[in-house]
Every structure is written in structure tokens, then in C-alpha cells.
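The values are calculated or read from the model by the stated rules, or taken from the named source; none is laboratory data. Owing to the predicted nature of the structure, the values given are computational and were not obtained by experimental measurement. So basically every Cβ, Gly included, is an ideal-geometry build from the backbone, and we count neighbours across all protein chains shown.
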Amino acid sequence: MSTLVIVGSQWGDEGKGKVTDYLAQEADVVVRSQGGNNAGHTILFDGQKFALRSIPSGIFNPNIKNIMANGMVIDPKQALEELHGLEERGIKKYQLFISNRAHIVLPYHAALDGAFEQFKGDKKIGTTKRGIGPAYADKANRIGIRMGEFIEPEVFKEQLKITLEIKNMELRMLGLEEFDFDTVYAEYSEYAKELKPFVCDTALLLEEEIEKNSKILFEGAQGVMLCLDHGTYPYVTSSSPTGASVPLNSGVAPRYITDVLGICKAYTTRVGEGPFPTELDGDLASYIRERGHEYGTVTKRPRRVGYLDCVALNYARRISGINHLALMLFDVLSGLDTLKICYAYELDGKKIETIPATTYDYTRVKPLYIELPGWKEDITHVKSFDELPVAAKNYIRKIEELTKIKVSLFSVGPDRKQTILLEELFK
Ligand code: GDP
Ligand code: IMO
Ligand code: MG
């Protein structure tokens with residue numbers, strides 16, 4: 001049996017899609033266990049670029065079973081659009097399984113997401129406005145609708161009646177337009193029909209795969225610092241993108257989760273609001289943003305960029321049990337005279353090495369840096385660790401030293417081929 005959990009170790013967009021696609025060449029199963037179409041996972045191979053949102057990144061390989069597990073919130077309309085888009089581009093033979101326990105996202109969720117953001121004004125989270133928060137809130141509030149109910153026309157009708165009454169009350173109170181039951185039901189019943197063949201008990205399927213000794217990749221979405229529990233609350237998403245959440249959100253026993261690959265940019269980015277101690281501005285920020293094409297896959301927003309933050313990385317390691325690191329977008333850093341890595345923070349005159357719980361404290365920390373020489377060489381064609389310039393090698397070694405995690409893979413470009421594996425990850 002071999003499982004590997006892929007987690008974002010920063011604030012998302014670390015290159016999880018690329019790594020999942022790369023490792024999926026060896027996998028039997030790829031599982032998305034949380035989040036929804038707030039994610040945007042970019043994959044590039046054979047001159048083709050894909051941006052996946054809710055579909056797992058193993059979809060390109062017809063031999064892989066792709067699972068959308070119970071912890072996801074799935075927008076049926078968007079998921080179908082995504083599938084149709086893939087089919088139009090020739091991805092016709094795929095295996096997809098959607099959990100009957102996954103919750104669905106309906107149009108009122110996005111309306112409420114947008115409205116909450118507006119009401120919060122300058123305290124807004126900067127969400128993707130895809131209704132993710134309101135959908136998870138309904139789940140916790142036990143008025144959510146799950147795939148299993150959604151695909152049974154009469155059950156869906158009954159559930160939608162109750163839920164929509166509550167939601168319309170909320171929308172009315174907020175001065176927003178209400179949703180008409182017949183219109184929503186008619187439109188979404190059609191999506192339900194189309195999705196029905198994919199819906200099953202995916203936890204049962206996973207158990208069978210585990211018994212067969214299959215290689216299973218768990219493709220995380222978002223990143224540990226966006227975790228609802230351990231992230232920079234309230235500037236987080238509404239699920240847990242940690243290794244610990246994988247068993248719960250996919251229905252496998254925790255003992256099957258042993259290896260966690262943390263995906264990490266060679267620097268840091270963040271989309272949306274919230275504290276970001278190593279954030280840069282000015283020319284250096286622009287240099288990194290343009291070289292790394294740091295614009296959101298989902299919302300096209302320019303990503304905030306900063307130096308690598310090993311306090312955050314160490315926190316992610318601790319919370320998520322990361323025991324391997326994939327260092328991504330390494331090529332972006334070429335051309336800089338010096339590089340800085342944050343190894344600790346200072347808060348109220350004291351050195352700290354963890355993430356403060358409150359925004360009040362976290363916005364006041366000052367990053368402490370070590371400075372390293374940069375390198376000028378283009379490294380996009382590098383095929384091994386040995387080919388790297390000395391300064392780039394030292395950068396990797398310093399990260400390993402500061403985090404005590406081995407860099408098992410590094411990436412020097414968006415293409416599948418621009419990946420250097422330093423250690424076998426599937427045992
Ligand atoms: P994800 O959400 O973690 O899957 O990451 P995204 O796909 O949202 O963002 C990562 C971006 O970096 C995408 O545009 C990728 O194509 C790109 N990318 C991934 N790895 C590399 C790399 O090593 N070098 C460069 N230049 N781009 C990369
Ligand atoms: P991937 O999987 C980066 C951020 C949003 C916002 C906060 C809450 O591509 O790494 P939400 O819509 O989830 O309620 O937004 O979380 N966010 C992400 N940032 N990458 C993601 O996914 C993200 N998913 C959500 O920008 O700050
Ligand atoms: Mg992304």
C-alpha cells in the first residue's frame with residue numbers, strides 16, 4: 001500500500017496541480033478531498049495548458065481513478081462545464097467518481113459569499129466569491145444538500161424546498177434578490193441527471209483500492225496557512241487543507257496516511273487579504289510577479305508576493321506532518337543579486353518561531369532574515385541538482401537546514417518535464 005498526501009504549505013497556488021500531474025504518471029488513484037472551485041490548479045504538458053478547478057489532476061490519464069471525495073463542496077454547474085471543457089479538448093476517456101456525501105454549491109451560496117464580502121468592507125477576506133464559505137456553513141448548519149440526495153429528483157426537490165426557504169429568508173434580510181424554486185430546481189435537476197453516473201460511495205472505493213495496494217495520491221487544495229482551524233483566521237478558506245484533514249474528508253483511516261509532500265514556492269505568494277509578514281512591494285515584487293506570472297488562476301487577481309517564510313513553512317510542517325518538500329517556481333528567482341529567507345519573527349521585542357493565533361499579533365510581527373547570494377543563470381533547462389549554480393544549491397540546502405525537511409523534488413518551469421525528482425516519493 002502506498003499513499004502520498006500533497007499539501008500546499010503556504011497560502012495556496014504553490015504548484016500542487018503540477019506536482020499531482022507529475023506524480024500521477026505513477027499513481028492509480030487521485031483524490032481531491034476538500035475545497036471546491038475556489039482552487040485553480042495549472043497543468044502543462046505536451047504544449048497544452050489546463051487549469052483545473054474542482055476536477056482532480058489525474059483526469060488526463062485514462063488509467064487513473066479520480067475521486068472527488070466527501071469533504072469537497074461541488075458546484076454541479078461549474079464541474080460539468082469543466083468536464084465539457086476537457087472533453088472538447090480531447091480528454092474523453094477518464095474515470096471520475098464523485099462522493100455521494102460531498103455537498104453541492106448552489107447559486108445562492110455565491111450570492112451570499114459576495115454579499116458578506118461587501119458588508120465586511122475593508123475587513124473583507126478577499127474570497128474567490130464561489131460560494132465556498134456559505135456552502136460549508138450550510139453543511140455545518142445541517143441544511144446542506146449532498147450529491148446522494150441531489151441525484152434523486154424527489155429527494156432533491158424536498159430538500160431544496162426547505163433549504164431555499166431558509167436561504168431566501170437570509171437573502172431577504174440582506175436586501176438581496178431571492179431565488180425562485182422552480183427555476184433553480186429545473187436547471188439543477190438537469191445537472192443532477194448528468195452527474196448521476198459518477199456518484200457513488202467513494203470511501204468504499206478507496207478501501208478497495210487500499211486493499212489492492214494501489215498507489216493513491218491525495219491532491220490538496222489551498223494551503224495550510226489558509227486552514228480554517230490553523231490558518232490566519234479569519235483570512236482563511238472554509239475547509240482544512242492539512243494532511244490531518246485527508247482521512248476525515250475522504251473516508252480513509254488515519255493510519256494509511258504516512259507521507260506528506262509539502263508543496264512550496266521558492267518564495268511566497270498570497271491572494272486575498274490577511275497578514276503576510278514577508279510581503280514585498282516595488283520593483284522586486286514586480287520582478288517576481290512578472291517572472292512567475294503571479295496572477296490568480298481563478299480570479300485573475302495579481303498575487304501578493306514576498307520572500308520565502310520558513311516560520312510559516314515550519315508551522316505547515318508541524319501542523320501537517322510534512323516529511324518531504326517540493327520546491328516550486330525555483331527558476332523565477334534567477335537574476336537577483338541577493339535573496340532573503342525569513343527564519344524567525346520578532347513580536348514586541350521578542351524572537352518567535354511560530355505563527356501567532358491572532359491577526360492583531362500577526363500583523364505586528366517583523367520578519368528576521370538571513371541573506372544569501374543570488375544567481376544570474378537561467379535554470380529552466382536544468383535536469384539535475386548537480387547542474388544548478390552553487391548559489392541555487394545553497395538556497396535549497398538552507399531551506400532544508402531551516403525546516404529540517406528534505407527537498408525531494410524541485411521545479412524549474414511550469415511544464416511537466418521541468419521537474420527534477422531527487423528521491424522516489426511512492427514507496
Ligand atoms: P496550485 O493551485 O497549487 O496548483 O498552483 P497554481 O496552478 O494556481 O499556480 C502555480 C503557477 O505556477 C501555475 O501558473 C503553474 O503553471 C506555475 N508553475 C508551477 N511550477 C512552476 C515552476 O517551477 N516554474 C514556473 N515558472 N512556473 C511554475
Ligand atoms: P489553490 O488550490 C490561493 C483564498 C482566497 C481568499 C481565501 C478565502 O489553487 O491553491 P474562499 O473563496 O476559499 O472562501 O477564499 O482563500 N483561496 C486561495 N488562494 N489558492 C487557492 O486554491 C485558494 N482557495 C482559496 O483568495 O483569500
Ligand atoms: Mg491555484
Inset, instruction - Filter the range 408-427 for residues that are touching a Leu at 6+ places or on another chain (Cβ under 7 Å), within 19 Å of residue 332 (Cβ to Cβ) and of a type in the set (Gly, Ala, Ser) and give the result. - result: 411
Inset, instruction - Inspect the range 373-384 for any residue being part of a helix (DSSP H, G or I) and closer than 24 Å to residue 42 by Cβ and give the result as yes or no. - result: no
Inset, instruction - May I ask you to list the residues in the range 173-202 that are within 21 Å of residue 162 (Cβ to Cβ) and over 31 Å from the mean Cα position of the chain (by Cα)? - result: 173, 177, 178, 180, 181, 182, 183, 186
Legend entry - Pairs, first outside any strand (DSSP E or B) in the range 411-426, second more than 10 Å from ligand 1 (Cβ to nearest atom) and among the polar types (S, T, N, Q), C-beta under 7 Å, six or more apart: 422/408; 423/408; 425/408; 426/2
Inset, instruction - Looking only at the range 14-65, count how many residues are farther than 26 Å from residue 107 by Cβ and either near ligand 1 (Cβ under 10 Å from one of its atoms) or assigned by TED's automatic domain parsing to the domain that holds residue 293 (or both). - result: 14
Inset, instruction - Report, ordered by the first and then the second residue, all pairs with beta carbons closer than 8 Å, sequence separation of six or more or different chains, a first member in the range 1-21 that is under 22 Å from residue 206 (Cα atoms) and among the hydroxyl-bearing types (Ser, Thr, Tyr), and a second member that is away from ligand 3 (no atom under 13 Å from the Cβ) and in a strand (DSSP E or B). - result: 2/215; 2/216; 3/215; 3/216; 3/217; 3/218; 20/30; 20/217
Legend entry - Residue list for the range 13-53, filter: within 10 Å of ligand 2 (Cβ to nearest atom), within 19 Å of residue 74 (Cα to Cα) and part of a loop (DSSP other than H, G, I, E, B): 34, 36, 37, 38, 39, 40, 53
Legend entry - residue 335 within 16 Å of ligand 3 (Cβ to nearest atom), of a type outside the set (Ser, Thr, Tyr) and in contact (Cβ under 8 Å) with a residue 12 or more places away in the chain: no
Inset, instruction - Mind checking which strands (runs of 3 or more DSSP E) fall wholly inside the range 285-362 and carry at least 3 residues that are away from ligand 1 (no atom under 16 Å from the Cβ) and not charged (D, E, K, R)? - result: 338-347
Legend entry - Count - residues of the range 275-316 that are over 23 Å from residue 398 (Cβ atoms), out of contact with any Ser or Thr (no Cβ under 7 Å at 6 or more places or on another chain) and within 16 Å of ligand 3 (Cβ to nearest atom): 7
Legend entry - Candidate set from the range 271-293 (those that are under 19 Å from the mean Cα position of the chain (by Cα) and under 16 Å from residue 334 (Cα atoms)); member that is surrounded by the fewest Cβ atoms within 10 Å (Cβ to Cβ): 293
Legend entry - Some residue of the range 55-74 being modelled with pLDDT of 95 or more, under 19 Å from the mean Cα position of the chain (by Cα), within 16 Å of ligand 3 (Cβ to nearest atom) and more than 22 Å from residue 202 (Cβ to Cβ): no
Inset, instruction - Determine which member of the set 231, 243 is within 16 Å of ligand 3 (Cβ to nearest atom), over 20 Å from residue 144 (Cβ atoms) and part of a loop (DSSP other than H, G, I, E, B). - result: 231
Inset, instruction - Being of a type outside the set (Ser, Thr, Tyr) and within 16 Å of ligand 2 (Cβ to nearest atom) narrows it down to one of 139, 161, 167, so name that one. - result: 139
Legend entry - the range 179-224 - residue that is closer than 30 Å to residue 257 by Cα and of a type in the set (Asp, Glu) and, of those, surrounded by the most Cβ atoms within 10 Å (Cβ to Cβ): 219
Inset, instruction - Kindly check whether there is at least one residue in the range 89-101 that is more than 16 Å from ligand 3 (Cβ to nearest atom), in contact with a Phe, Trp or Tyr (Cβ under 9 Å, 6 or more places away or on another chain) and β-branched (Val, Ile, Thr). - result: yes
Inset, instruction - Might you let me know whether the range 132-143 holds any residue that is within 16 Å of ligand 1 (Cβ to nearest atom) and touching a His at 6+ places or on another chain (Cβ under 8 Å)? - result: yes
Inset, instruction - Output the qualifying pairs, or none if there are none: Cβ atoms under 8 angstrom, residues six or more apart or on different chains, first residue in the range 272-301 and within 14 Å of residue 11 (Cα to Cα) and at pLDDT 95 or above, second residue more than 16 Å from ligand 1 (Cβ to nearest atom) and polar (S, T, N, Q). - result: 274/232; 274/359; 275/232; 275/359; 275/363
Legend entry - Restricting the range 232-265 to residues that are β-branched (Val, Ile, Thr) and at pLDDT 95 or above, the residue that is farthest from the chain's Cα centre (by Cα): 252
Inset, instruction - Using the structure shown, decide if residue 52 is of a type in the set (A, V, I, L, M) and within 16 Å of ligand 3 (Cβ to nearest atom). - result: yes
Legend entry - Single unsatisfied condition, residue 332 versus (1) farther than 27 Å from residue 315 by Cβ; (2) surrounded by 12 or more Cβ atoms within 10 Å (Cβ to Cβ): (1)
Legend entry - One residue from 320, 238, 245 being outside the structural domain of residue 354 (by TED's automatic domain parsing) and in contact with a helix residue (DSSP H, G or I) (Cβ under 7 Å, 6 or more places away or on another chain): 238
